[in-house]
Amino acid sequence: MRLTKPEHPLNYTVQLPLSKSVLNRELIIKHLAGDDISEILHQFNKKDIANDSLVLHRALTGVDETKQVEDAGTALRFLTAAFTLTANPVLITGTKRLHERPIEPLISALRQCGAQIKYTNREGFAPLHISPAHMRGGEINIPANISSQFVSALLMAAPYFEQGLILHLNGNQVSASYTQLTVMVMSRFGVQVTQEKNKLVVSPQKYKTGIPISGERDWSSAVFWYILAAVLPTEQLSFAGLRLSSAQGDAAVAIIMRNFGIITQENSQGLVLSRVKLPPPTNWKYNFNSAPDLVPAMAALCAVKKVTAELQGVAHLRIKESDRIEALHNELFKVGCRLSVTEPDKFTLSYPNKPVMDFSDFKTYQDHRLAMSWSAFTALAESVVIQDPEVVQKSYPAFWQQLQEAGFLYNEL
């Protein structure tokens, strides 16, 4: 796909997709509560729903024993814990990439709680066969430095364990904001989680039934418009229904982008972005431990602006939809940016090289966040080629259509 930048300043009101982080938690919790969720997504425009959420919904409502979750890591982890409480056996499988993403710490923890789970191929990885079991719960430890979704999966299922759950988090927790989001959504459905430093306690409880889906919009998708506002002439960008008070960790982008001259103001309709004259930061540093999904977009922004930077809290990006550190290294090189991994949890961006002769063709590595991040490179050339643009279906199905509405030209190749 060839993407050409607008001829006029951006002036557009963005209809962001539903937050898949919030919606996925709500779907799991409503399923555990015993609510009928078979028709629950019909109230929304399908283009507002991430494919990951559709995959999760199909798995929860389908009657087949085999649950095909494609490349949805969230669905794999959340469903694994939820299906330990089912009365029927379940097989969870997905794509080759999904089968490369580690899940052993979650399986080990669930087994300690009473789960009967078998690896059907490679130890420590999906596919998984889950048999009905008596989930007693109890007191367990889990490494917190791999994926916050392990913690969230356990917490959401824990109210239905016989003894509840006392969960000790070992190590520095990654994406801690997502654990807090889980606690907040659970509270909305009537279940309280007690927190003490690195210990989380859930007593045996039941979720309230009949609580509606919130329809909260997605901060993780807003970042791509923020970086476009920073690199392209912009009159005004607005986000309908988005709030600064959101518990989503990626709402941090509103604060981060002040460093790049983008100001966020809230009104009754949502948020409005404006741009002020500000020189790009130098030797910029930020720890993305609680907002790792922002890294691809922010790295692309730095590359366009030639901002020397140190991005911290990034080690677990290697086990996302792609090895995002390797992918960023390869693609940022094309625009003259050198990514150097200085420590396992840190990389720097510098600019010793000129852009390569033909830098306008960018791979996406089957990774939705990379594909959308590359839209910022239209600031460096009249147009760029982005391979496999359909990968955005995973989180933001309407992204390219909305770019067209905002003035970009979009041509299939």
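Every number here is computed from the coordinates shown, using simple stated rules; none is lab data. Note that the coordinates shown come from a computational prediction; the quantities given were computed from them, not determined experimentally. Every residue, glycine as well, gets a Cβ built from its backbone with ideal geometry; the counts of neighbours run over all protein chains shown.
Max-minus-min Cα coordinates of the range 205-325 on each principal axis give 51, 37, 19 Å, with the largest extent listed first.
Using +1 on the beta carbon of Lys and Arg, -1 on that of Asp and Glu, and nothing else charged, what's the dipole of the chain about the Cα centre, debye to 20?
Details: 40 positive and 38 negative charges, 145 e Å.
Here the chain has a charge dipole of around 700 debye.
Test of understanding: given the chain, find the longest segment containing no GluC sites (Glu not before Pro) that are in a DSSP loop and have at most 14 other Cβ atoms within 10 Å. The reported range is 163-381.
Please grab the % of Cα pairs in the range 197-248 that end up more than 12 Å from each other. Provide the component values of the computation, followed by the final result.
Working: 1023 of 1326 pairs.
When every Cα pair of the range 197-248 is considered, 77 percent fall beyond 12 Å.
In angstrom, the C-alpha Rg and Dmax of the range 43-86 are 10.9, 32.
Debye calculation, C-alpha points only, no solvent: report log10 I(q)/I(0) for the range 27-186 at q = 0.15, 0.16, 0.19 Å⁻¹, in the same order as the q values. Values, matching the q order: -0.78, -0.90, -1.31.
Farthest toward the positive end of the dipole of the range 23-69, out of I49, L27, I37, is the Cα of I49, where the dipole comes from beta carbon charges about the Cα centre. The Kirkwood radius of the range 1-97, taken over pairs of alpha-carbon atoms, gives through the Stokes-Einstein law at 25 °C and 0.890 mPa s a diffusion coefficient of 161 µm² s⁻¹.
Do any trypsin sites (Lys or Arg not before Pro) in the range 44-121 lie in a DSSP loop with no more than 13 other beta carbon atoms within 10 Å, and if so, which? Don't skip to the answer; put the middle values down first.
Working: sites: K46, K47, R58, K67, R77, K96, R97, R111, K118; in loops: K96, R97.
Within the range 44-121, the qualifying trypsin sites (Lys or Arg not before Pro) (loop, at most 13 other Cβ atoms within 10 Å) are K96.
Computed over the range 161-309, relative contact order equals 23 percent, with contacts defined as Cα pairs under 8 Å that lie 6+ residues apart. Evaluated with a Cβ-only charge set (Lys, Arg +1; Asp, Glu -1), the range 312-379 carries a dipole of roughly 120 debye about its Cα centre, given to the nearest 20. For the listed residue pairs K47/K306; K5/K354; K206/K346; K47/K118; K46/K67; K208/K285, the alpha carbons are over 32 angstrom apart in K47/K306; K206/K346; K47/K118; K208/K285. With N the number of residues in the range 106-248, Rg(Cα) / (2.2 N^0.38 Å) evaluates to 1.29. Only Cα sites of the chain enter the Debye sum here, all with the same form factor; the resulting log10 I(q)/I(0) across q = 0.06, 0.11 1/Å is -0.24, -0.81, listed in q order. Each of Y119, N141, I107 was scored by the projection of its Cα onto the charge dipole of the range 82-173, and the greatest displacement toward the positive side belongs to Y119; charges sit on the C-beta of Lys, Arg, Asp and Glu.
222 nm [θ] for the chain, helices only, -39500 (n - 2.57) per DSSP H run of 4+, per residue, to 500? Let's see the in-between values first.
Details: 12 runs with 117 residues, N = 413.
Rounded to the nearest 500, the figure is -8000 deg cm²/dmol.
Across the range 263-413, Cα-Cα distances exceeding 22 Å account for 43% of all pairs.
Its Cα centre serving as origin, the range 272-413 has a Cβ charge dipole (Lys and Arg +1, Asp and Glu -1) of approximately 620 debye. Bin width 5 Å, alpha-carbon pairs only: give the P(r) of the range 331-413 as whole percents, running from 0 to the bin holding the largest distance. P(r) for the range 331-413, in whole percents per bin: 3, 13, 21, 23, 17, 12, 8, 2, 0. The Cα atoms of the range 113-166 cover 31, 29, 15 Å along the three principal axes, with the biggest extent listed first.
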